[in-house]
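Inspection log for the structure reproduced underneath, given as structure tokens.
The values are calculated or read from the model by the stated rules, or taken from the named source; none is laboratory data. For clarity, every value in this text was computed on a predicted model and none was experimentally measured. Cβ placement follows ideal geometry from the backbone for every residue including glycine, while neighbour counts extend to all protein chains displayed. We work out accessible area using only protein heavy atoms, side chains counted, and drop any ligands, DNA or RNA first. Shrake-Rupley method; radii C 1.70, N 1.55, O 1.52, S 1.80 Å.
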Amino acid sequence: MPRGRGLLAPLFRAAVRHYNHPRAAPQDLHALLLKSGRASRTHDATRLAVAYADSGRLPDARRVFDEALHKDLILWNAMVACYAAHGLALHAWALVASMRRSGAPGLAGDGFTFSALLRPPRRAVDSVDDVEMLLRMGALAHGLVLRMGHLADVVVATALLDMYAKCGRVADARRVFDAMVVRNVVSWNAIVVCYGSHGEGKDAVGLFRRMLRDGRCCPDERTLASVLSSCANMAAANEATQVHAYAQKRGLQGFLQVANALIMAYGKNGFVREVARIFVMTDDPDVVTWSSLVSSYAYLGHSNDAVHVFERMLQQGVQPDGIAFLGVLSACSHAGLIGDGLHYFLMMTRAFHIDPSPQHLACLVDLLGRAGRIEEAYNVVVKLSCESNADIVGAFLGACKMRGNIELAKWAADKLLCLEPSEAVNYLLMSNAFAAAGDWNELAKIRSVMRNRCINKVPGCSWIEIGGTVRTFVSNDMVLHQSMEMQQMMELTVSEVQKECNEDTICKDPILI
């Protein structure tokens, strides 16, 4: 063996693992490979191109690819995966087209090629153009996968399913899932997460039950965390407790993401003691755990507890994120802790350098409104260019209603009409503001516009879980099944309360009597 060749392989492996290390950077390794004449070899070129791509140097990776004397399918796939991972879908597809046009044997593409093409980029796909581009490319890949018979590959089918889920095409994702010949736990997780992240929590729970009945794949911690998130979003207490029991039986409660999801699920369902108990039992809680606890207490109206937990979080040396600050700001807003809320907002922006989101600014506007500082709240809305956010303008309108500032209330009402002309809740906010100020003419105008624009107004409803089924009902709903039984139970409850209110303790609450 030539001198130095035996030392090159360990250095290369170190460079692949630690490409940013000063002694084994990709460019240093590239120089060594060029000097030894190995840079054009397929195997070395593949790993070098991946190292360059992982460090964000795609032009260098492409140069290594172009200089390789012989390009096998592994090198082509590696370069395709590099482009796709960095969100350069057109470059990835152009490379695949070039590979297929070459006509070389074995370069028609395999399962890895298409799974790399379908894999979403590392950055978040937020804009409509990005989603449409990903969907067009994914549909093209879907056609090639069907034509070449790669849909039987569980990795390719799962990538296809996940692509449709990322684009919001839940029905297409479900069709791919149902057509899969073989499913693994990743496939089940992908479809469960798809339904849960698009507001279809009931279907997500149903798929979890189907997964258990199927028996060929056992749910893992990601499955449970996703199902628990769905239970939290649809306030399904019975399902949350059942999933919790399953997690304890399988020994999965110790996983941090399961514990975090349990805290949110129990918090949204009103189980305060369970929230605290799970937090205490969690080993090494991270910022998500602390934020979930703060948000749960704020959601349940335990504002002082939320502030106390947030202070404990700071004392433990855990750096809060935007979600933790949103929880404590919401708690301060609802409890009227004006000074504390303003203190935490300044702490978030100045000490932790977190840019406020629209939700943070809505809490700030509400805090200033509760303190009677309407002009400052107005300056926040105007100077920070928040007129285009309905939540912030709605919070400002609520502050104007609280303080009876009819002029600024009209200004906020006009903004809301322009932003969301078909949202009934905005008209109700305006109506309440004008009614509180005694401006009956404006109130009548708002009601008239609301009747014309909000044709399908959804009434406010309540819900209760009975026997594992969530039942919704509205006020004076006589059509509801078992409404008579509910009325009888309510009358029995009221009569029992009246018995307790004896002559020594007279109950004067009109809601109860």
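Suppose the chain between V318 and S385 were pulled fully straight at 0.36 nm per residue; how much longer would it get relative to their current alpha carbon spacing?
Here the answer is 20.9 nm.
Pairs K166/K268; K202/K268; K202/K249; K268/K401: which are spaced more than 20 Å apart, C-alpha to C-alpha?
Details: K166/K268 26 Å; K202/K268 16 Å; K202/K249 23 Å; K268/K401 29 Å.
In this structure, K166/K268; K202/K249; K268/K401 lie more than 20 Å apart at Cα.
Over segment 253-323, with every protein chain in place, what whole percent of the accessible area is carbon and sulfur at 1.4 Å, could you tell me?
Carbon and sulfur: 51 percent of the exposed surface of segment 253-323.
Work out how much length R273 to H353 would gain on full extension: take 0.36 nm times their residue separation and subtract the Cα-Cα distance, in nm to one decimal.
Result: 25.4 nm gained on full extension.
When the solvent-accessible surface of protein heavy atoms is calculated with a 1.4 angstrom probe, in what order do F352, F434 fall, highest first?
Largest accessible area first, the list is F352, F434.
Quick one: if you stick a label point 7 Å off each Cα along the C-beta vector at A108 and L346, how many nm between them?
Label at A108, label at L346, 7.0 nm between them.
Express the relative contact order of segment 303-440 as a whole percentage, based on alpha carbon pairs under 8 Å and six or more residues apart in sequence.
Over segment 303-440, the number comes to 17 percent.
In Å, what Kirkwood hydrodynamic radius results for segment 260-332 from the alpha-carbon pair distances?
When all Cα pairs of segment 260-332 are included, the Kirkwood radius is 11.6 Å.
Whenever you get a sec, compute what percent of the accessible area on segment 369-442 sits on carbon and sulfur atoms (1.4 Å probe). Present the calculation step by step, with values, prior to reporting the outcome.
Working: 1700 of 3610 Å².
For segment 369-442, the apolar C and S fraction of the accessible surface comes to 47 percent.
If r is the Cβ-Cβ distance from Q248 to T42 and R0 is 56 Å, what FRET efficiency results, to the nearest 0.05?
Efficiency, rounded to the nearest 0.05: 0.65.
Based on the alpha-carbon gyration tensor of segment 109-239, what equivalent-ellipsoid semi-axes (square roots of 5 times the eigenvalues) come out, in whole Å, largest first? Walk me through the numbers on the way to the answer.
Working: eigenvalues 130, 65, 24 Å².
Equivalent ellipsoid of segment 109-239: 25, 18, 11 Å, largest first.
For the pair L146/E375, report the inter-label distance in nm, with labels modelled 7 Å from Cα in the Cβ direction.
According to this spin-label approximation, the distance is 6.6 nm.
With the full set of protein chains in place, find how many percent of the accessible area of segment 186-247 is carbon and sulfur; take the probe as 1.4 Å.
Carbon and sulfur atoms account for 49 percent of the accessible area of segment 186-247.
For segment 279-406, what is the accessible area per residue in Å², given a 1.4 Å probe and the full set of protein chains? Could the numbers behind the result be given before it?
Values: 5870 Å² over 128 residues.
Computed with neighbouring chains in place, this is 46 Å² per residue.
Starting from the coordinates of the alpha-carbon atoms of segment 52-108, obtain the Kirkwood hydrodynamic radius over all distinct pairs and give the value in Å to one decimal.
11.5
Normalised by the residues of segment 259-307, what does the relative contact order come to in percent, with Cα pairs under 8 Å and at least six apart?
40
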